[in-house]
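First comes the structure, then the notes that go with it.
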Amino acid sequence: ATLLNASAASVNVSVDGKPITADVAPQLINNTTYVPIRAFSEALSDCDITWEQIYKRATVSADGLKLQVVAGETFLVANNRYLYLREPAIIQNGRLLVPIRPMAKSFGAEVGWDAKTYTAKISRGDDMIEDGESFYKENDVYWLSRIINAESDGEPLEGMIAVGNVVLNRVES
């Protein structure tokens, strides 16, 4: 069964077969698996995690990765790359919960889903997400931003992303 409303269901998350344990359990909310940022990050890497209460921002620092997530935002920043979150990061019982797929991508990991057992199975990758400085071409980003601004100024983030995707698809084809 899938959840189509805001009610939450408990899910299991494992990294390379080892279950993640946390004081706030991973949850399925609106068809999105959320994980506590600290428990997930520590399961994937030896890392430092800081919390800035005033900004509601968590920063994860690991070898080859700097990741920032702000509660309520629909994106995270991993190595100077912005990754869209279909559902925003949330705070629950004093813990920051983040959608699992963008988090896994940041760590270079893959996510599999077992619907029968409500288990997200994470497989570690070899490298963290590529740095934005080497991934993006400055001139391409500049012109893409100009087109997005001209076509969707004043639209919500999802509309701007849609315009950007159309442009990138046309360039690719």
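The values are calculated or read from the model by the stated rules, or taken from the named source; none is laboratory data. None of the values given here were measured: they were computed from a predicted structure. Positions of Cβ are generated from backbone atoms using ideal geometry, with glycine treated the same way; all protein chains shown enter the neighbour counts. With ligands, DNA and RNA removed, areas are computed over all heavy atoms of the protein, side chains included. Shrake-Rupley method; radii C 1.70, N 1.55, O 1.52, S 1.80 Å.
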Over region 31-41, the set of residues open to solvent by 30 Å² or more (accessible area, probe 1.4 Å) and either within 22 Å of residue 127 (Cα to Cα) or within 12 Å of the chain's Cα centre (by Cα) (or both) is 38
Are there any pairs, at least 6 apart or on different chains, whose C-beta atoms fall under 7 Å, with the first in region 122-135 and open to solvent by 50 Å² or more (accessible area, probe 1.4 Å) and the second at pLDDT below 90 and of a type in the set (D, E, K, R), and if so, which? none
Is one or more of the residues making up region 63-72 open to solvent by less than 40 Å² (accessible area, probe 1.4 Å), within 24 Å of residue 133 (Cα to Cα), touching a Gly at 6+ places or on another chain (Cβ under 8 Å) and not β-branched (Val, Ile, Thr)? no
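Pick out the one residue from 76, 44, 96 that is without any contact (Cβ under 8 Å) to a residue 40 or more places away in the chain, under 30 Å from residue 134 (Cβ atoms), crowded, with 17+ Cβ neighbours inside 10 Å and not aromatic (Phe, Trp, Tyr).
Working: 44 fails: without any contact (Cβ under 8 Å) to a residue 40 or more places away in the chain; 96 fails: without any contact (Cβ under 8 Å) to a residue 40 or more places away in the chain.
Every option except 76 fails the conditions.
For region 121-147, how many residues meet the condition of being small (Gly, Ala, Ser) and either closer than 16 Å to residue 67 by Cα or at pLDDT 95 or above (or both)?
Kept after step one, since they are small (Gly, Ala, Ser), are these residues of region 121-147: 123, 125, 132, 134, 145.
Adding the requirement that they be either closer than 16 Å to residue 67 by Cα or at pLDDT 95 or above (or both) leaves 123, 132.
The number of residues fulfilling the criteria is 2.
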Condition first: out of contact with any Ser or Thr (no Cβ under 6 Å at 6 or more places or on another chain), of a type in the set (Lys, Arg) and assigned to a loop (DSSP other than H, G, I, E, B). Can you find one or more residues in region 97-111 that meet it? no
Criterion violated by residue 86 - all others in (1) surrounded by fewer than 18 Cβ atoms within 10 Å (Cβ to Cβ); (2) in a strand (DSSP E or B) satisfied: (2)
Of the conditions (1) at pLDDT 95 or above; (2) open to solvent by less than 60 Å² (accessible area, probe 1.4 Å); (3) over 17 Å from the mean Cα position of the chain (by Cα), the single one that residue 25 does not satisfy is (1)
Which number in (1) outside any helix (DSSP H, G or I); (2) farther than 15 Å from residue 36 by Cα; (3) not aliphatic (A, V, I, L, M) marks the one condition that residue 139 misses? (1)
Determine if region 153-173 includes at least one residue that is without any contact (Cβ under 8 Å) to a residue 40 or more places away in the chain and in contact with a Gly (Cβ under 6 Å, 6 or more places away or on another chain). no
